[in-house]
Amino acid sequence: MAIEGFDYKGFATELATQARELIPKDFQEFHVNYVLNTIQNFSTMCGESINNDTALNFNVDQAMLITQIIAEWSFHKSIDLIRSGVLPEYWDGVMQKIAFTIFEVAKQAILKGVNQDEILKVVEHHVKKAYEKAITDLKNRGVIDDGTLQTALGQSNIDAMMQTMQAEAQAQQLQNPDSNSSKLLKLASLALLLKQIKQDKVQTILNKFNQEDAQMVIQYMQMDDLDKKVDTGIAVKCLKEIKGNLPEPKHLSPQKVLARVNALLSSVDKSKMDRIISKERSKVKEFIAKAKEGEYIEMTPKITNIIIQHLEESAAV
């Protein structure tokens, strides 16, 4: 008995129609048609198989879920194949293996009562394995060379699309800041600053932030047009707020201060360090001179850090 309310043909057509707007703009008409036909064909076959298999006893929601999963992965992996360098005559063979894998894995997961999030995870895992195996088989048969193998295995349209969507969402938040996006704006402002300094200093600064925020800053730094998305005046204000919220340096023991200073002095050419110190204020000169003799001049941790960091940066130039 057919599944009530499940128009698999109409659903397959709808899925293919929705996918048209998401196809890369640089694709030729032949590529566009291949992606759409692949979605249409595999979605239809999947829907028909589920609809006619009374032993499965799927309801309309379960039938639509597995059909949609087939459609989505048909979309992503057909694009990966088109960009892979593999000749078109071999595309269908790869896609058939992937579609069959998705159908069987998703079907068994639904029968076992696995929740939707877990189904999507396990399907993605098996899709990647099936794609890699199918491409490797082509290499083993002499159909493709090592270069094409690596190009094909390096394709991941789903990852590229997620990164694009995330970047667009972040850009939208930056252009339309509100109370909920103020944190992102501050992180973007920090990223704008960090793009201007030496990379070996970036990680030191990011270590002051939690891992999630640091990762967000790194993502913003990778945006080529970040300077166009963040107003300079707003950025300066945000950076001042960040500076004000950073924790004060913890107390440094005299032993640690002296060790840090002497480590710096021993790692830099003496004549160069003398030139650097000669340009400093008398208090800094006294601080360094005493440190050489193993004596420590009491200062606040913040001032101590500023002096040492300044000397380290000057010596690195």
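The values are calculated or read from the model by the stated rules, or taken from the named source; none is laboratory data. Computed from a prediction, not measured in an experiment: that's the story for all the values here. Virtual Cβ from ideal backbone geometry, glycine too; neighbours counted across all protein chains shown. Surface accessibility is based on the protein's heavy atoms, side chains included, excluding ligands, DNA and RNA. Shrake-Rupley method; radii C 1.70, N 1.55, O 1.52, S 1.80 Å.
Here are some notes:
- Zone of Asp26's modelled label, taken as backbone nitrogen in the stretch 81-96 under 12 Å from a point 7 Å along Cα→Cβ: 83-84
- Think of each Lys and Arg Cβ as +1 and each Asp and Glu Cβ as -1; about the Cα centre, that makes the dipole of the stretch 1-104 roughly 260 debye.
- Counting only protein heavy atoms and using a 1.4 Å probe, the accessible area of Glu124 comes to about 60 Å².
- Approximate spin-label separation Thr151-Lys256, in nm, with each point projected 7 Å along Cα-to-Cβ: 5.4
- FRET efficiency for Asn59 and Ala160, using Cβ-Cβ distance with R0 set to 51 Å, rounded to 0.05: 0.90
- Cα gyration tensor shape for the stretch 84-147, rounded if a/c is under 1.5, else prolate or oblate: prolate
- Charged side chains reduced to their Cβ positions (Lys and Arg at +1, Asp and Glu at -1) give the stretch 262-305 a dipole of some 220 debye around its Cα centre.
- Solvent-accessible area of His126 with every protein chain in place, 1.4 Å probe, in Å² to the nearest 10: 60
- 18 Å reach of a label modelled at Asn52, 7 Å along Cα-to-Cβ, counting backbone N of the stretch 103-119: 103-104
- Rounded, prolate or oblate (a/c below 1.5 giving rounded, otherwise prolate when a/b exceeds b/c) for the stretch 23-134 by Cα gyration tensor: prolate
- Greater than 26 Å apart at Cα, pairs in Lys107/Lys129; Lys9/Lys77; Lys121/Lys195: Lys121/Lys195
- Loop-resident sites, the stretch 251-288, for trypsin sites (Lys or Arg not before Pro), counting at most 11 other Cβ within 10 Å (DSSP): Lys279, Arg281
- Trypsin sites (Lys or Arg not before Pro) restricted to DSSP loop in the stretch 94-149 with at most 14 other C-beta within 10 Å: Lys112, Arg141
- Backbone N under 20 Å from the Gln222 label point (7 Å along Cα→Cβ), restricted to the stretch 129-158: 151-158
- Per DSSP, loop GluC sites (Glu not before Pro) in the stretch 1-64 with at most 12 further Cβ within 10 Å: Glu4, Glu21
- Compared with the direct C-alpha span, the chain from Lys139 to Gln215 gains 23.7 nm at full extension, assuming 0.36 nm per residue.
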